[in-house]
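Asker: Here you go, one structure.
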Amino acid sequence: MKVTVDEAMCCGAGQCVLLAPDVFDQRDEDGVVVLLDAAPPEPLHAVVREAASVCPAAAISLGEGA
Amino acid sequence: MSHSESDQVLSYPISSAAALEPPAEWERLRDQCPVARVKLPSGDEASLLTRYDDVKQVLSDPRFTRRLSAVGAARVSADGSGGVFNGSMANTLPQGGEGHQRWRRMVGRWFTAKRMAALRPGIEEMADRLVDEMVERGHPADLKASLGFPLPVWVICDLLGVPDSDRDKFAHWSDTLLNLTRYTQAEIDAAQREFASYMAGQVAARRAEPGEDLLSELIAGTDADGGGLTDAELVGTGQGLLVAGHETTANMIGKMAGMLLADRRLWERLVADRSLVRSAVEEALRYDANPGFGMPRYLDQEVEVGGAVLPPGTTVVCSMAAANRDEYAFDGAGEMDLGRSPNPHLAFGVGPHSCLGQALARTELQAVLSVLLRRLPSLELAVPARELRRVEGLVVGGLRELPVRW
């Protein structure tokens with residue numbers, strides 16, 4: 001799984017951080033998403049998929065390559 | 001659809017036979033009339049969207065603006081103004097584009113998931129105290145008045161650094177902004193002047209003597225370009241947060257408890273498995289059939305939605321709650337599934353304007369549900385669910401009261 005985030009689209013809802021704190025964080029200065037792990041291990045895939053599907057700004061994209 | 005049906009104009013908001021049940025029209029509209037003509041309390045017409053994909057598309061598309069003050073935009077409330085959607089408070093803050101994003105990020109930093117998680121112990125402590133007082137007074141009790149209302153008001157006052165003791169004033173100002181039918185324009189204008197002048201006083205006091213609160217931090221804060229918020233923006237922000245922190249979560253606490261107690265098997269399942277609290281809160285948000293007005297948007301160019309071409313000058317009302325019951329988006333949409341995952345409901349909206357305080361609302365709802373399950377596992381409705389009554393005429397939907405015993 002390859003995770004990418006779009007900082008410009010992020011609205012700082014924080015759902016991704018609550019669901020997968022090992023993969024996502026928010027910047028202190030503006031609440032915008034920070035990607036901690038672009039290639040999370042398999043056990044986290046389900047929760048990362050959930051984070052992507054509930055992101056209100058559709059700022060998280062998932063690819064299966066690399 | 002026959003010609004006569006397509007010409008029929010529904011009155012909006014649509015009423016419902018039972019407080020916790022959705023109006024029967026939602027299903028018919030999603031099915032047969034995804035872009036429906038409706039008449040607002042002002043008498044002006046708008047187009048109502050009820051399908052998940054359409055609501056999501058419109059709220060994510062910047063061509064659908066929040067400029068409800070535009071000439072030609074439908075007026076929302078009975079007195080002809082837009083209430084909260086179109087008052088001086090709303091128009092003080094940037095409503096779209098880069099200006100909005102700059103404002104959003106300056107304020108959004110105080111509402112991150114981590115900051116909200118840090119508030120949770122304090123929120124639970126307050127919820128515990130309110131439950132103590134409710135238990136002391138004995139049952140039956142009104143959960144809305146005892147817990148649902150005071151908790152979020154205390155949280156937002158504490159966060160902003162405004163005195164909780166002024167809450168009666170806030171409740172009045174908030175009500176005049178959010179009520180669609182009850183007040184005259186003169187009453188609304190007077191309340192808004194008072195509210196703005198109160199908040200200006202609070203901003204001036206923090207500027208002179210900063211505290212550890214959000215208002216003080218916003219005054220001191222700067223954005224990436226070194227610019228801070230103007231005084232007018234600070235006042236508008238403080239007012240917006242206070243109003244947003246008032247009715248929405250307060251009513252949602254009552255509705256959530258009402259939904260979970262109306263079918264007590266749901267409550268018992270939570271008592272038995274507290275690990276469901278997070279997903280149960282999300283499901284209550286999705287399932288809420290009485291969320292209030294929905295989100296209006298104004299279109300100044302032609303756009304296609306749900307197979308219909310909307311002309312420039314159209315005002316659209318997005319019913320997130322109708323969308324949240326769309327069978328094409330949610331399996332078993334008409335049932336509460338406390339473990340539903342993922343649950344991409346639209347209760348907080350989507351896109352760049354989705355609710356700024358959603359992490360706070362989630363934290364409060366999870367905290368209050370955890371405390372209730374721990375303290376009052378025997379909680380039940382003190383009246384049959386069909387006797388629960390809705391608050392009418394507010395932008396935000398709620399129950400008048402939630403009588404409970406334990």
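Please treat every number below as a calculation from the coordinates, not as lab data. Not measured: the values here are computed from a predicted model. Positions of Cβ are generated from backbone atoms using ideal geometry, with glycine treated the same way; all protein chains shown enter the neighbour counts.
Asker: How large is the helix-only mean residue ellipticity at 222 nm for the protein assembly as shown, computed as the sum of -39500 (n - 2.57) over DSSP H runs with n ≥ 4, divided by its residue count, in deg cm²/dmol to the nearest 500? Kindly include the intermediate steps, with their values, before the conclusion.
Answerer: Details: 18 runs with 205 residues, N = 472.
Computed mean residue ellipticity for the protein assembly as shown: -13500 deg cm²/dmol.
Asker: Using the Cα centre as the reference, give the magnitude of the dipole from point charges on the C-beta atoms of region A:2-63 (Lys, Arg: +1; Asp, Glu: -1; all else neutral), rounded to the nearest 20 debye. Display every interim value, and only then the final one.
Answerer: Details: 3 positive and 10 negative charges, 50 e Å.
It works out to roughly 240 debye.
Asker: Under the definition of Cα pairs under 8 Å and six or more residues apart, what whole-number percent is the relative contact order of region A:2-63?
Answerer: On the way: 99 pairs, mean separation 28.4, N = 62.
Relative CO of region A:2-63 lands at 46 percent.
Asker: Something else now. Can you list the DSSP H helices in chain B whose Cα atoms extend at least 27 Å along the helix axis and whose mean Kyte-Doolittle hydropathy is -0.5 or higher?
Answerer: Values: long enough: B:113-137 (35 Å, -0.46); B:185-208 (34 Å, -0.38).
Counting only whole DSSP H runs, the qualifying helices are B:113-137, B:185-208.
Asker: Report the extension gain between B:Arg269 and B:Asp31 in nm, rounded to one decimal, defined as 0.36 nm multiplied by the number of residues separating them, less their alpha carbon distance. Before the final figure, lay out the partial values.
Answerer: Working: separation 238, 0.36 × 238 = 85.68 nm, distance 3.30 nm.
Here the answer is 82.4 nm.
Asker: Any idea what the dipole of chain B comes to, in debye rounded to 20, about its Cα centre with Lys/Arg Cβ at +1 and Asp/Glu Cβ at -1?
Answerer: Using Cβ point charges on Lys, Arg, Asp and Glu, chain B gives about 380 debye.
Asker: In Å, the Kirkwood hydrodynamic radius of region B:306-384 over pairs of distinct alpha carbons?
Answerer: Working: mean 1/r = 0.0620 Å⁻¹.
For region B:306-384, inverting the mean 1/r across all distinct Cα pairs yields 16.1 Å.
Asker: Which whole-Hz couplings ³J(HN,Hα) result when phi for each residue of region B:304-316 is put into the Karplus expression 6.51 cos²θ - 1.76 cosθ + 1.60, θ = phi - 60°, listed in order with x for Gly and Pro?
Answerer: 8, 9, x, x, 10, 8, 8, x, x, x, 7, 9, 10
Asker: Continuing with this model, one more query. What residue among B:Tyr287, B:Tyr52, B:Tyr328 has the largest mean-square fluctuation in a Gaussian network model of chain B, using Cα springs under 10 Å?
Answerer: Highest fluctuation among the options: B:Tyr328.
Asker: Continuing with the same structure: How large is ³J(HN,Hα), in whole Hz, for each residue of region B:389-406 in order, when computed from phi with the Karplus curve 6.51 cos²θ - 1.76 cosθ + 1.60 and θ = phi - 60°, using x for Gly and Pro?
Answerer: 10, 7, 6, 9, x, 9, 4, 9, x, x, 9, 4, 8, 10, x, 10, 9, 8
Asker: Under 14 Å Cα to Cα from A:Lys2, which aspartates and glutamates show up? Leave out anything in the same chain fewer than 8 places away.
Answerer: Within the straight-line limit of under 14 Å, A:Lys2 reaches these aspartates and glutamates: A:Asp37, A:Glu42, A:Glu64.
Asker: What number comes out for the charge environment of B:Leu373, summing +1 per Lys or Arg and -1 per Asp or Glu over other residues with Cβ under 11 Å away? Walk me through the numbers before you get to the answer.
Answerer: Numbers: positive: B:Arg269, B:Arg274, B:Arg374, B:Arg375; negative: B:Glu268, B:Asp273.
That works out to +2.
Asker: Percent of Cα-Cα pairs per 20 Å bin, from 0 to the last occupied bin, for the protein assembly as shown, please list those.
Answerer: Values per bin, smallest distances first: 24, 60, 16, 0.
Asker: What whole-number volume per residue, in cubic angstrom, does the convex hull of the C-alpha atoms of chain B give? Walk me through the intermediate numbers first.
Answerer: Numbers: hull volume 56.2 nm³, N = 406.
Residue-normalised Cα hull volume stands at 138 Å³.
Asker: Okay, moving on. With +1 assigned to the C-beta of every Lys and Arg and -1 to the C-beta of every Asp and Glu, and no other charges, what is the dipole magnitude of the protein assembly as shown about the Cα centre in debye, to the nearest 20?
Answerer: On the way: 47 positive and 67 negative charges, 104 e Å.
Approximately 500 debye in magnitude.
Asker: Taking the Cβ-Cβ separation of B:Asp168 and B:Ala145 as r and a Förster radius of 22 Å, what is the calculated FRET efficiency to the nearest 0.05? List each step's numbers first, then the result.
Answerer: Values: r = 13 Å, r/R0 = 0.61.
According to the calculation, E is roughly 0.95.
Asker: In percent, how large is the relative contact order of chain B, given Cα pairs closer than 8 Å and 6 or more residues apart?
Answerer: On the way: 644 pairs, mean separation 108.6, N = 406.
Relative contact order, chain B: 27 percent.
Asker: While we're here: Run the paramagnetic zone check for A:Ala38: 7 angstrom along Cα to Cβ, then residues of region A:2-18 with backbone nitrogen under 15 Å.
Answerer: Hits in region A:2-18 for A:Ala38 at 15 Å: A:2-7.
Asker: In what sequence do A:Cys11, B:Cys157 fall when counting other Cβ within 10 Å, fewest first?
Answerer: On the way: A:Cys11 27, B:Cys157 20.
Listing A:Cys11, B:Cys157 from fewest to most nearby Cβ atoms yields B:Cys157, A:Cys11.
Asker: Could you tell me which of B:Thr184, A:Val17, B:Trp110 has its Cα farthest along the dipole of the protein assembly as shown towards the positive end, charges placed at Cβ (Lys, Arg +1; Asp, Glu -1), taken about the Cα centre?
Answerer: Sorting the options by dipole projection puts first B:Thr184.
Asker: Measure of size requested: the Rg and Dmax of region A:2-63, with Cα atoms as the atom set and Å as the unit; please supply both.
Answerer: For region A:2-63, the Cα-based Rg and Dmax read 10.2, 31 Å.
Asker: In the Gaussian network model of chain B, springs joining C-alpha atoms below 10 Å, which of B:Pro352, B:Pro121, B:Pro34 carries the largest mean-square fluctuation?
Answerer: B:Pro121
Asker: Now a separate question. Kindly put B:Arg278, B:Arg129 in sequence by how many other C-beta atoms sit within 10 Å of each C-beta, fewest to most. Walk me through the intermediate numbers first.
Answerer: Values: B:Arg278 19, B:Arg129 14.
In order of increasing Cβ crowding within 10 Å: B:Arg129, B:Arg278.
Asker: Tell me which lysines have Cα within less than 22 Å of B:Lys169's Cα, excluding those fewer than 8 residues away on the same chain?
Answerer: Within the straight-line limit of under 22 Å, B:Lys169 reaches these lysines: B:Lys144.
Asker: Given R₀ = 45 Å, what would the calculated FRET efficiency be for B:Arg182 paired with B:Ala220, taking r from the Cβ atoms and rounding to 0.05? Present the calculation step by step, with values, prior to reporting the outcome.
Answerer: Details: r = 39 Å, r/R0 = 0.86.
Approximately 0.70, to the nearest 0.05.
Asker: If you take every residue apart from A:Cys11 with its C-beta less than 10 Å away from the C-beta of A:Cys11, what net charge results, scoring Lys and Arg +1 and Asp and Glu -1?
Answerer: Details: positive: B:Arg104, B:Arg105; negative: none.
It works out to a net charge of +2.
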